[in-house]
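Below is one structure, written out as structure tokens, with a few remarks after it.
The values are calculated or read from the model by the stated rules, or taken from the named source; none is laboratory data. For clarity, every value in this text was computed on a predicted model and none was experimentally measured. Methodologically, a virtual Cβ is constructed for each residue, glycine included, from the backbone with ideal geometry; neighbour enumeration extends over all protein chains shown. These area figures cover heavy atoms from the full protein model, side chains too; ligands, DNA and RNA do not enter into them. Shrake-Rupley method; radii C 1.70, N 1.55, O 1.52, S 1.80 Å.
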Amino acid sequence: MPMKFRHMTSLDEARNTTKKMLDSLDFSNTESVVRINSVSSGLMEEDLQTVLQARNPPTTLMLPKVDSTQELDLFADVLYTTVQSNVHLKNYKPNLISMIESARGLLDLDDVLERGVELSDNDGPFTLEAVTFGSDDFCADIGATRTTEGDELLYARQKIIVSAKAYQLQVIDMVHIDYKSKTDVPKALASKLSDPSFDLWNIQTDLESLKLVAEKAAEMGFTGKQVIHPSQIAVVQSAFTPSEAKIRWATELTQAFHEHQKSGKGAFTFRGSMIDMPLLLQAKNITNLYEMIDNKKEGPK
């Protein structure tokens with residue numbers, strides 16, 4: 001009986017390269033995140049089987065195109081089975097980032113997040129940590145034209161923020177694809193990635209517009225932003241890191257509130273402004289975010 005051989009595809013190569021990188025790179029105190037294929041693609045199970053063979057499996061998995069609780073349940077079942085079948089994955093429970101990329105996914109977002117949190121709390125195979133927005137696929141799904149200003153995506157972004165915050169999850173904004181190129185590469189970045197002559201690293205990104213949209217995203221309530229080029233990292237990190245003035249204001253306001261509580265009095269003023277609970281919560285959010293960033297810089301103790 002003749003033997004059948006399966007030729008290695010580019011997808012096999014990508015999986016094996018990802019596995020190799022997980023074991024060879026020093027991530028230090030940075031999370032390693034692997035984006036697998038969606039449940040609906042039919043490729044998710046083999047992605048997990050290959051990537052989780054790494055000696056240092058990813059701390060976080062990103063699941064794209066989550067449109068329903070059924071897809072999340074199927075992912076959870078496959079992840080559980082894969083982990084249980086590998087001895088070296090004992091006690092492995094990755095964080096999960098769920099991606100919203102369609103109208104259906106947006107409509108069912110609350111149900112998906114509720115189910116994700118339920119699985120996380122009930123000894124499920126992952127811990128749901130964040131939601132992120134796949135804007136280009138979403139635009140294609142609803143027939144919108146992607147613009148730099150992003151007005152066509154305002155409702156979707158606000159909806160994702162509100163839903164994620166209702167479940168105390170991080171929420172990550174869409175990518176910023178505008179850039180200036182040394183090689184006069186057109187703006188349609190996605191169509192160029194398959195071109196062997198296209199050098200992704202030889203791009204000079206438009207950092208000025210990135211700074212504006214990242215700062216706006218932080219003001220809206222996003223806790224992070226996706227990047228597509230190394231030069232974007234510092235700009236995005238800066239936009240989502242509280243300034244020294246904000247940290248000082250938040251710290252002093254929180255301290256003043258605790259001192260005021262001891263007096264047993266009602267409302268009080270701080271720096272000439274009447275302080276209420278929403279403003280106090282905003283101050284606590286700033287100090288909590290700063291502490292999280294500071295802990296990440298220091299690394300595990």
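Do we have any residue at all in the stretch 220-228 that's closer than 30 Å to T69 by Cβ, over 17 Å from the mean Cα position of the chain (by Cα) and either aromatic (F, W, Y) or modelled with pLDDT of 95 or more (or both)? Among the residues of the stretch 220-228, not one is closer than 30 Å to T69 by Cβ, over 17 Å from the mean Cα position of the chain (by Cα) and either aromatic (F, W, Y) or modelled with pLDDT of 95 or more (or both), which makes the answer no. Beta carbons closer than 7 Å, at least 6 apart along the sequence or on distinct chains, pair a first residue in the stretch 220-243 that is of a type in the set (G, A, S) with a second that is part of a helix (DSSP H, G or I) for G221/I161; G221/K165; S231/L207; A239/K211; A239/A214; A239/E215; A239/A218.
Taken over the stretch 73-129, the criterion of being under 17 Å from V171 (Cβ atoms) and of a type in the set (A, V, I, L, M, F, W, C) is satisfied by L96, I97, M99, I100, L106, L109, V112, L113, V117, L128.
Among the residues making up the stretch 234-279, those that are part of a loop (DSSP other than H, G, I, E, B), modelled with pLDDT of 75 or more and at negative phi are F240, T241, P242, S243. Of all residues in the stretch 141-151, exactly one satisfies the criterion of being modelled with pLDDT of 95 or more, surrounded by fewer than 16 Cβ atoms within 10 Å (Cβ to Cβ) and of a type outside the set (A, V, I, L, M), namely G143. Within the stretch 23-62, work out how many residues are basic (K, R) and open to solvent by less than 50 Å² (accessible area, probe 1.4 Å). Residues flagged as basic (K, R) and open to solvent by less than 50 Å² (accessible area, probe 1.4 Å) within the stretch 23-62 amount to 0.
Among the residues of the stretch 171-185, at least one is of a type in the set (D, E), more than 18 Å from A214 (Cα to Cα) and either modelled with pLDDT under 85 or loosely packed, with under 14 Cβ neighbours inside 10 Å (or both). For first residues located in the stretch 142-153 and closer than 23 Å to E208 by Cβ, partners that are in a loop (DSSP other than H, G, I, E, B) and lie 6+ apart or on another chain with Cβ distances below 6 Å form the pairs T148/D178; E152/A144. Considering only residues of the stretch 89-131 that are charged (D, E, K, R) and free of Cβ contacts under 8 Å to residues at least 24 places away in the same chain, which is surrounded by the most Cβ atoms within 10 Å (Cβ to Cβ)? That would be E118. Going by the structure shown, is T59 out of contact with any Asp or Glu (no Cβ under 6 Å at 6 or more places or on another chain) and at pLDDT 95 or above? So T59 fails the test. Annotation: Q204 fulfils all but one of (1) modelled with pLDDT of 75 or more; (2) over 16 Å from the mean Cα position of the chain (by Cα); (3) within 30 Å of V34 (Cβ to Cβ); the unmet one is (1). Report, by residue number, each residue of the stretch 63-78 that is surrounded by fewer than 21 Cβ atoms within 10 Å (Cβ to Cβ), β-branched (V, I, T) and in contact with a Phe, Trp or Tyr (Cβ under 9 Å, 6 or more places away or on another chain). Matches in the stretch 63-78: none.
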